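Here is the structure we will look at.
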Amino acid sequence: MNQFEYTRASTQQAAIAALVKDEHAMFLAGGTNLVDLMKRGVTSPSRLIDINELPLAAIEQTATGLRIGAMVRNSDAAEHALVNRHFPLLSMAFKAGASPQLRNMATVGGNMMQRTRCPYFYDTAMPCNKREPGSGCGAIGGYNRMHAIFGASEQCIAVHPSDMCVALTALDATVTIAGPKAERKIAFADFHRLPGSTPQKDNNLQHGELITAVHIPFNHLTNVHYLKIRDRASYAFALLSVAAALNIKSGTIREARLAMGGVAHKPWRLTEAEKALKGQPANETSFKKAAAIAMEGARSYGHNDFKLKLAPNAIAEALRLASV
Amino acid sequence: MHDPITPDPSRRSFLKRSSALAAISLTPPAMVRAAEKGFDEKIAGVFEKMPLSVTINGTKQQLSIEPRVTLLDLLREQLHLTGTKKGCDHGQCGACTVHVNGRRVNSCLTLALTTEGKQVTTIEGLSKGEQLHPMQEAFIEFDGFQCGYCTPGQIMSAVACVREGHANTPDQVREFMSGNICRCGAYSNIVDAVMNAKQGGKTI
């Protein structure tokens with residue numbers, strides 16, 4: 001690991017000021033991804049600003065929803081009574097992610113900031129436009145079993161690895177971001193980016209900004225399920241995952257929310273499939289039809305061809321499991 | 001011709017560069033001495049240590065460490081608490097599991113400086129003298145290991161698993177022990193050990 005300087009921030013303002021001063025500085029939260037990236041030489045910050053002591057670890061009910069502080073640990077959010085009661089989909093997604101040890105360390109803000117697990121991104125001997133813009137993409141024409149089927153570019157076909165972010169996308173969450181001058185809010189679905197020609201940018205956070213919270217609005221979703229498909233029963237990144245949330249009344253779908261993980265550079269919202277489900281009976285035919293609509297525009301890269309079959313099956317299955 | 005009085009700037013810059021390179025990989029004490037003699041003030045920065053006050057297995061430690069030292073390396077290399085194992089060193093195997101303020105974490109991904117003011121418990125801190133912790137006894141009774149390399153991490157994780165309330169059924173134990181990999185494949189005996197320790201009536 002390269003040398004770096006270490007600073008502990010006691011206030012949000014001090015943390016932001018320290019980051020603004022040094023363009024190669026980074027915030028350190030749980031460290032579960034960042035410390036690993038530093039060990040591998042993928043990321044070499046000049047300074048780490050430890051934000052673990054910042055008072056951003058509360059879960060509070062607001063007039064319109066739940067506010068989850070950016071420094072809430074994944075395990076605490078997963079077990080929290082308010083999260084379980086109002087957003088069981090989010091609890092399921094948290095529990096599907098990583099291991100108990102990592103969930104004890106990882107924060108909500110850090111989960112949003114985690115980098116792709118593409119093996120070419122981690123191997124500094126290989127080309128990767130995300131790690132080193134202009135060096136090429138090793139995964140296109142290479143080993144790409146885990147890779148994207150939606151929204152990829154000629155520059156990058158990596159996927160975002162989070163489970164939490166998939167649920168928060170489906171739940172229409174909002175991210176609160178503090179900056180050197182002012183606070184701003186951004187829709188969760190607009191936080192992460194597609195790779196386009198700038199795959200080195202995972203999200204729309206600017207240097208000097210700090211995620212302080214996510215807010216999830218209350219909803220009328222009666223039936224939810226988070227389905228994660230992976231190579232082993234637990235403790236593995238998703239081949240793909242589906243967050244399905246429905247409002248079903250008298251057997252009819254009043255509202256549908258669908259998002260997928262492991263299929264794109266960002267959590268992938270299935271807007272057209274949601275529209276197709278609205279007003280339909282909650283049955284196998286509707287689910288399969290919606291799944292087929294969701295797959296429009298999908299494309300695979302060889303090793304991940306199986307995802308073109310797995311994805312619609314998983315969407316239909318997640319909807320079925322949510323509906324029962 | 002080389003002027004014996006004027007220092008050769010190219011030679012000096014070469015020395016600086018090469019010493020900085022050596023500083024990353026070789027002989028830190030010699031380089032620190034070199035830095036103290038004013039050869040290169042940058043090198044002093046490279047080896048800047050920071051104070052750390054942390055309680056490990058009930059003993060308060062006042063330490064001075066580099067920011068890049070992980071809790072795992074601090075335990076093993078500086079405090080010689082080698083019960084905590086380095087398996088993958090990337091948070092994938094769980095061999096390095098310890099408790100920080102009572103919560104199980106991967107010590108390989110924990111920078112030691114982030115434990116300032118905290119309580120760390122390792123496998124060495126679990127027993128009371130010669131009296132093994134009930135989870136340690138259960139692992140022996142149920143043969144919860146073969147080679148034993150993952151065992152300290154398994155036991156630290158298992159104790160936390162029970163304390164968290166995640167050891168109610170064998171399936172739940174399997175899910176909540178999934179962060180600890182055992183290459184010998186002693187999993188079924190590990191599940192038996194955890195379940196029996198939990199049901200054994202002793203305080204875990």
> Can you find a residue in segment B:127-148 that is within 14 Å of chain A (Cβ to nearest Cβ), closer than 24 Å to B:Asn101 by Cβ and either under 23 Å from the mean Cα position of the chain (by Cα) or in contact (Cβ under 8 Å) with a residue 40 or more places away in the chain (or both)?
Replying inline: no
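To keep it simple, each residue is scored yes or no on (1) in contact (Cβ under 8 Å) with a residue 24 or more places away in the chain; (2) touching a Gly at 6+ places or on another chain (Cβ under 7 Å); (3) assigned to a helix (DSSP H, G or I); (4) among the polar types (S, T, N, Q).
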{"position": "B:Val162", "(1), (2), (3), (4)": "yes, no, yes, no"}
{"position": "B:Ile181", "(1), (2), (3), (4)": "yes, yes, no, no"}
{"position": "B:Cys184", "(1), (2), (3), (4)": "yes, no, no, no"}
{"position": "B:Ile190", "(1), (2), (3), (4)": "yes, yes, yes, no"}
{"position": "B:Asn196", "(1), (2), (3), (4)": "yes, no, yes, yes"}
{"position": "B:Thr203", "(1), (2), (3), (4)": "yes, no, no, yes"}
>> Please determine whether any residue of segment A:204-227 is outside any strand (DSSP E or B), within 14 Å of chain B (Cβ to nearest Cβ), buried (at least 19 other Cβ atoms within 10 Å of the Cβ) and touching a residue at least 24 places away in the same chain (Cβ under 8 Å).
In response: no
> Would you pick out the residues in segment B:179-189 that are surrounded by 20 or more Cβ atoms within 10 Å (Cβ to Cβ) and within 14 Å of another protein chain (Cβ to nearest Cβ)?
Replying inline: B:Gly179, B:Asn180, B:Cys182
>> Can you go through A:Ala98, A:Ala78, A:Ala93 and tell me which one is crowded, with 18+ Cβ neighbours inside 10 Å, on the phi > 0 side of the Ramachandran plot and touching a residue at least 24 places away in the same chain (Cβ under 8 Å)?
In response: A:Ala98
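If we scan segment A:251-260, do we find a residue that is without any contact (Cβ under 8 Å) to a residue 24 or more places away in the chain, within 21 Å of A:Phe218 (Cα to Cα) and either in a helix (DSSP H, G or I) or among the small types (Gly, Ala, Ser) (or both)?
No - not one qualifying residue is present in segment A:251-260.
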>> When you check B:Glu175 against the structure, is it closer than 21 Å to B:Leu79 by Cβ, charged (D, E, K, R) and either assigned by TED's automatic domain parsing to the domain that holds B:Leu81 or assigned to a helix (DSSP H, G or I) (or both), yes or no?
In response: no
>> Whether any residue in segment A:268-277 is of a type in the set (S, T, N, Q) and touching a residue at least 12 places away in the same chain (Cβ under 8 Å) is what I want to check.
In response: no
> In segment B:145-173, what residues are surrounded by fewer than 16 Cβ atoms within 10 Å (Cβ to Cβ) and small (Gly, Ala, Ser)?
Replying inline: B:Gly148, B:Gly165
> So, of the residues in segment A:175-195 that are in a loop (DSSP other than H, G, I, E, B) and under 18 Å from the mean Cα position of the chain (by Cα), which turns out to be farthest from A:Cys156 (Cα to Cα)?
Replying inline: A:Phe191
>> Could you tell me how many of the residues in segment A:148-174 are under 15 Å from the mean Cα position of the chain (by Cα) and either surrounded by 24 or more Cβ atoms within 10 Å (Cβ to Cβ) or under 18 Å from A:Ala245 (Cα atoms) (or both)?
In response: 17
>> Just to be sure I understand, how many residues within segment A:1-24 are more than 8 Å from chain B (Cβ to nearest Cβ), closer than 16 Å to B:Leu113 by Cα and hydroxyl-bearing (Ser, Thr, Tyr)?
In response: 2
> Which residues, taken from segment A:256-285, are surrounded by fewer than 17 Cβ atoms within 10 Å (Cβ to Cβ) and either over 12 Å from A:Thr169 (Cβ atoms) or basic (Lys, Arg) (or both)?
Replying inline: A:Glu272, A:Lys275, A:Lys278, A:Gly279, A:Gln280, A:Pro281, A:Asn283, A:Glu284, A:Thr285
>> Of everything in segment A:237-250, what is farther than 22 Å from A:Arg103 by Cβ and outside any strand (DSSP E or B)? Give them in sequence order.
In response: A:Ser250
> So, of the residues in segment A:25-37 that are assigned to a loop (DSSP other than H, G, I, E, B), facing chain B (nearest Cβ under 9 Å) and of a type outside the set (Val, Ile, Thr), which turns out to be farthest from A:Gln13 (Cα to Cα)?
Replying inline: A:Asn33
> Name the helices (runs of 4 or more DSSP H) wholly within segment A:38-121 that hold at least 2 residues that are more than 10 Å from chain B (Cβ to nearest Cβ) and over 21 Å from B:Ser178 (Cα atoms)?
Replying inline: A:81-86, A:88-96, A:108-113
>> Among the numbered criteria (1) free of Cβ contacts under 8 Å to residues at least 60 places away in the same chain; (2) crowded, with 24+ Cβ neighbours inside 10 Å; (3) out of contact with any Pro (no Cβ under 9 Å at 6 or more places or on another chain), which one does A:Gly109 miss?
In response: (1)
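The values are calculated or read from the model by the stated rules, or taken from the named source; none is laboratory data. A quick note: this is a predicted structure, and the numbers were derived from the prediction, not measured. FYI the Cβ positions are ideal-geometry reconstructions off the backbone, even for glycines, and counts take in every protein chain you see.
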